[in-house]
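**Student:** Mind having a look at this structure? Questions to follow.
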Amino acid sequence: MQNTRVAITDEAKKIVEQMKEQHGKLIFHQSGGCCDGSSPMLISKDDFYLDESDILLGEVAGVSFYMNQDQYEYWKHTHLTVDITKGRGSSFSVEIPLGIRFVIKSRLLTEAENEHFRKIEASKNEFLP
């Protein structure tokens, strides 16, 4: 099994596929406190500016998942799973008009996963899925 930092539930994946059909290329960005607190936002790739402080954690449902480096420092010991829940969020995420929103479920990385990611970061000095 491949170690990843981020995954997605089947239900959330269906919504992502629907949103890709409607909006084209998208990215996930794990917000860090504004709008919905720390909800993952699904945003049109052209509508969001990424810079050197945004870290690519991986890809889910064909969509790149980013997090700001400052927030990553708090979350680097966790595995994230994107899910959905009923309720209208207050972010700019494209699924909001459907009356649902994406949420993150997290768990601590296992020691084996931690070691895997430490080796990658040490050898390449960058963050990889």
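The values are calculated or read from the model by the stated rules, or taken from the named source; none is laboratory data. Small disclaimer: the values here were computed from a predicted structure and weren't measured. Neighbour counts run over all protein chains shown; Cβ positions are idealised from the backbone, glycine included. Protein only, heavy atoms only, side chains kept; ligands, DNA and RNA dropped before computing areas. Shrake-Rupley method; radii C 1.70, N 1.55, O 1.52, S 1.80 Å.
**Student:** I'd like the FRET efficiency for residue 112 and residue 59, computed as 1/(1 + (r/R0)^6) with the beta carbon distance as r and R0 of 22 Å, rounded to 0.05.
**Tutor:** So, using R0 = 22 Å, E works out to roughly 0.55.
**Student:** Structure shown: which of 14/105; 13/105; 25/76 lie over 23 Å apart, alpha-carbon to alpha-carbon?
**Tutor:** 25/76
**Student:** In nm, what is the difference between 0.36 nm times the number of residues separating residue 2 and residue 51 and their Cα-Cα distance?
**Tutor:** 14.9 nm
**Student:** Tell me the angle of helix 111-124 to the major Cα principal axis of the chain, expressed in degrees between 0 and 90 and rounded to the nearest ten.
**Tutor:** Tilt of helix 111-124: around 80 degrees.
**Student:** Given a 10 angstrom Cα cut-off, can you work out which residue in 113, 73, 95 is the most mobile in a GNM of the chain?
**Tutor:** 73
**Student:** Let me ask something additional. Using a Förster radius of 25 Å, what is the FRET efficiency between residue 88 and residue 122 based on their Cβ-Cβ separation? Nearest 0.05, please.
**Tutor:** Working from the Cβ atoms, E equals 0.05.
**Student:** Continuing with this model, one more query. Once the other residues with Cβ under 9 Å from the Cβ of residue 69 are scored (Lys, Arg +1; Asp, Glu -1), what is the net sum?
**Tutor:** My count for the surroundings of residue 69 gives -4.
**Student:** Percent relative contact order of the stretch 33-102, based on C-alpha pairs within less than 8 angstrom and at least six residues apart?
**Tutor:** 33 percent
**Student:** From the protein chains alone at 1.4 Å, what is the descending order of accessible area for 74, 66, largest first?
**Tutor:** Sorted descending by solvent-accessible area, the residues read 74, 66.
**Student:** Would you tell me the accessible area of residue 100, worked out with a 1.4 angstrom probe on the heavy atoms of the protein chains, in Å² to the nearest 10?
**Tutor:** Using a 1.4 Å probe on the heavy atoms, I get roughly 20 Å².
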